[in-house]
Structure formats: structure tokens, C-alpha cells
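> One structure coming up, written as C-alpha cells, with questions to follow.
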Amino acid sequence: MTDAAPETRTLVLLRHAKAEQGSDAADDADRPLSGRGDADAAAAGAWLAHQGLLPDVVICSTARRARQTWHGVAMGMTGSPPEGGPSGPRPTVRYEPGAYDAHPEELLALVRTVDPAARTALLIAHNPGISLLSALLDPEGADEEGLRTAELVVHRGPLGWAELGRAGAPITARHTARD
């Protein structure tokens, strides 16, 4: 009898979709998505559904644009799935104030708290932290310019959430709604 193969964990990183330009830095967390941002968030959700990447857990910044991005992604995942499209239980959604303006280590600390039973987690956050987290998880596969708005980067690896660290989850896919 052989040992079972380790279970793969999938971490999907998503930079929030395009937001309206704000005139006052104090209101940054309250900026809403633009019309393009709404469309791109829904497209990101449709891509996730098409790829079978429905999250068990969502960790989302509390900034308005991030929450609206999650809403658009959720609608895109369930709106009009492809024939015989994916369906399943709704994910656990955690709105985390610590994901706003976070350093990559702080975002990684949030990911490490994901329920060990979860196989797929989605993290919606902001630059530069989300891009730097992707580079930390896969230094060789990261894009120097970082994630663009509404860009999805899929990291996969055999480590449990609590063990996830530097170079522990290579990038296996990426998607940007618009060029």
C-alpha cells in the first residue's frame, strides 16, 4: 500500500477591478468600481467558473472597490455558466480590514488561516501587496510589472495553507479580462 498523494491547494489572487478615480486620498477605501471595473469583475468570475475554480473560501479587502469586485465575480461565476456549468455550495466569505494596504507577508498570514479542509481560496486585495505576494509564492513566474486591475493569478501547490511560504506555490494560470 502506498501513501496517498498530497492534496493540491489552489490559491487564486485577484487584484480588485478598475475603480473610479478619487480626488481625496482620505476617501481611497470608499472608491467604487467604474463601469469597466464592473464588467471586468463579472468576466473574471465567468473565467473562474469556466476553469472550474470555484472557491471554498474568499478573503476580501473591506475597501468598497474590493467588495464590489467580489460581488461582480460572484455574479459572473453563477450568472450564465457554460453548458452543464459548475455549481456547488457558496464559499465562506471573509471581509478582512487587514487586506487593505497590506504587505505581502500580511496577506500571506491571512491565507495561512484558511480552513485546512478548503481546497481553493480566492484572495481579493490591492497593489502592491497582491503582486508582491504572487512574486513571493512564485519568484520565477511573477510578472515584473505586477498584477493589473481584475487580473487573476492561479497558484497551486501541495502545501497546506498554514505551511504556505516563499516559492511554495507556482503559477499555473493567469487571466486578464482586458488588455
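> From Pro81, Pro86, which residue is closer than 24 Å to Arg67 by Cα, modelled with pLDDT under 95 and in contact with a Leu (Cβ under 6 Å, 6 or more places away or on another chain)?
Selected residue: Pro86, the only one of Pro81, Pro86 that is closer than 24 Å to Arg67 by Cα, modelled with pLDDT under 95 and in contact with a Leu (Cβ under 6 Å, 6 or more places away or on another chain).
> Can you tell which of Ala142, Ala121 is buried (at least 23 other Cβ atoms within 10 Å of the Cβ) and either outside any strand (DSSP E or B) or modelled with pLDDT of 95 or more (or both)?
Result of the check over Ala142, Ala121: Ala121.
Results for (1) at pLDDT below 85; (2) in a helix (DSSP H, G or I); (3) more than 28 Å from Ile171 (Cβ to Cβ); (4) among the charged types (D, E, K, R), shown as yes or no for each residue.
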position	(1), (2), (3), (4)
Ala5	yes, no, no, no
Leu11	no, no, no, no
Gln21	no, no, yes, no
Asp28	no, yes, yes, yes
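> Condition first: touching a His at 6+ places or on another chain (Cβ under 7 Å), modelled with pLDDT under 95 and either surrounded by fewer than 16 Cβ atoms within 10 Å (Cβ to Cβ) or over 18 Å from Val12 (Cβ atoms) (or both). Can you find one or more residues in the stretch 89-112 that meet it?
yes
> Continuing with this model, one more query. Select from the stretch 38-63 the residues that are without any contact (Cβ under 8 Å) to a residue 40 or more places away in the chain and assigned to a helix (DSSP H, G or I) and write down the one among them that is most open to solvent (accessible area, probe 1.4 Å).
Among those residues, the one meeting the criterion is His50.
> Can you tell which of Leu159, Leu132 is in contact (Cβ under 8 Å) with a residue 24 or more places away in the chain and outside any loop (DSSP other than H, G, I, E, B)?
None of the others qualify; the one that does is Leu132.
The values are calculated or read from the model by the stated rules, or taken from the named source; none is laboratory data. This one's a predicted model, so the numbers in the text were calculated from it and none came from an experiment. All Cβ positions, glycine included, derive from the backbone under ideal geometry; neighbour counts span all protein chains shown. Note: accessible area is taken over every heavy atom of the protein model, side chains too, but ligands, DNA and RNA are not part of it. Shrake-Rupley method; radii C 1.70, N 1.55, O 1.52, S 1.80 Å.
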